[in-house]
1. What are the residues in region 36-46 that are closer than 19 Å to Thr84 by Cα, under 22 Å from the mean Cα position of the chain (by Cα) and open to solvent by 20 Å² or more (accessible area, probe 1.4 Å), if any?
2. Being closer than 15 Å to Asn94 by Cα, surrounded by fewer than 17 Cβ atoms within 10 Å (Cβ to Cβ) and not aromatic (Phe, Trp, Tyr): is that true of Lys64 here?
3. Within region 136-149, take every residue that is in contact with a Ser or Thr (Cβ under 9 Å, 6 or more places away or on another chain) and in a loop (DSSP other than H, G, I, E, B) and give me the one that is most open to solvent (accessible area, probe 1.4 Å).
4. Of everything in region 97-135 that's small (Gly, Ala, Ser), assigned to a loop (DSSP other than H, G, I, E, B) and within 30 Å of Glu68 (Cα to Cα), which residue is modelled with the highest pLDDT?
5. Run Tyr129 past the list (1) under 18 Å from Ser39 (Cβ atoms); (2) open to solvent by 80 Å² or more (accessible area, probe 1.4 Å) and report the number of the one that doesn't hold.
6. Sort out which residues of region 63-75 are of a type outside the set (Asp, Glu) and in contact (Cβ under 8 Å) with a residue 12 or more places away in the chain, and write them in order of number.
7. Given the conditions (1) open to solvent by less than 80 Å² (accessible area, probe 1.4 Å); (2) outside any loop (DSSP other than H, G, I, E, B), which single one is not true for Ser152?
8. Condition first: touching a residue at least 40 places away in the same chain (Cβ under 8 Å) and surrounded by fewer than 19 Cβ atoms within 10 Å (Cβ to Cβ). Now tell me which residues in region 47-61 satisfy that.
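The values are calculated or read from the model by the stated rules, or taken from the named source; none is laboratory data. Keep in mind that this is a model prediction, so the values were computed, not measured. Cβ atoms come from the backbone with ideal geometry, glycine included; neighbour counts cover every protein chain shown. Protein only, heavy atoms only, side chains kept; ligands, DNA and RNA dropped before computing areas. Shrake-Rupley method; radii C 1.70, N 1.55, O 1.52, S 1.80 Å.
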Amino acid sequence: RHPRSFRRRVDRYGAGGLGTQASTKAMYASVTRSQIVSSAIGGLPLGKITPRAVEGWLVELRGKGLAESTVRISYAILLAMLSTAVRDGALGRNPAAAVKRPRVTRREADYLSSEQVRAVLSAAQSTRYAPLFELLVNTGLRRGEALALQWSDVDLEAGTLRVRGTLAPGPNVWS
């Protein structure tokens, strides 16, 4: 009997245990399709996936010019999928567990200077987005947090704003 490729078993060993938010699950599904299923490792029979094959796959991902964080997430998904295969008895051990987890270099985020902020606010002044930009600049809220605000989150008398959620891109543009 011809051993089935890992690619054909992905549905069974999907990264279901990772993430609880719909947007996170959608991102993991996308990474699974684009970085695991479509790669050389996805075509290997499950029993032929070795630590060396995992290391080669990581080199392949880096060679595509992917961000370090994407490589790390891809590794985490593969690790979880292979752990599920071990749990289910399809593998004796997880070959990805023998491979060092990819590192992500911490970098200081780029920020706008005071002059750049003034220029953005000035350019937006005559648009319907001016209040949103003012809110973002003066509170440090993330875009999704600001877009999820409702009037019940605002207390004008106390001068407070309560962040209770976030909006994220989804199948219906924003969910």
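1. In the first step, residues of region 36-46 are kept if they are closer than 19 Å to Thr84 by Cα; the result is 36-37, 41-46.
Okay, now just the ones that are also under 22 Å from the mean Cα position of the chain (by Cα), so 36-37, 41-42.
Val37, the sole residue that qualifies.
2. Working: closer than 15 Å to Asn94 by Cα: no; surrounded by fewer than 17 Cβ atoms within 10 Å (Cβ to Cβ): yes; not aromatic (Phe, Trp, Tyr): yes.
No; evaluated as a whole, the condition is false for this residue.
3. This residue is Arg142.
4. Within region 97-135, the subset small (Gly, Ala, Ser) is 97-98, 109, 113-114, 119, 122-124, 126, 130.
Add one more test, that the residue is assigned to a loop (DSSP other than H, G, I, E, B), and what stays is 109, 113, 126.
Those still in the list that are within 30 Å of Glu68 (Cα to Cα) too: 109, 113.
On the way: Ala109: 81, Ser113: 91.
Only one residue fits best here, namely Ser113.
5. It is condition (1) that Tyr129 fails.
6. At the first step, the residues of region 63-75 found to be of a type outside the set (Asp, Glu) are 63-67, 69-75.
Result: Leu66, Ser69, Thr70, Val71, Arg72, Ile73, Ser74, Tyr75.
7. (1)
8. First, pick out the residues of region 47-61 that are touching a residue at least 40 places away in the same chain (Cβ under 8 Å): 47-51, 53-55, 58.
If the condition is that a residue be touching a residue at least 40 places away in the same chain (Cβ under 8 Å) and surrounded by fewer than 19 Cβ atoms within 10 Å (Cβ to Cβ), then Gly47, Lys48, Thr50, Pro51, Ala53, Glu55 are the ones that fit.
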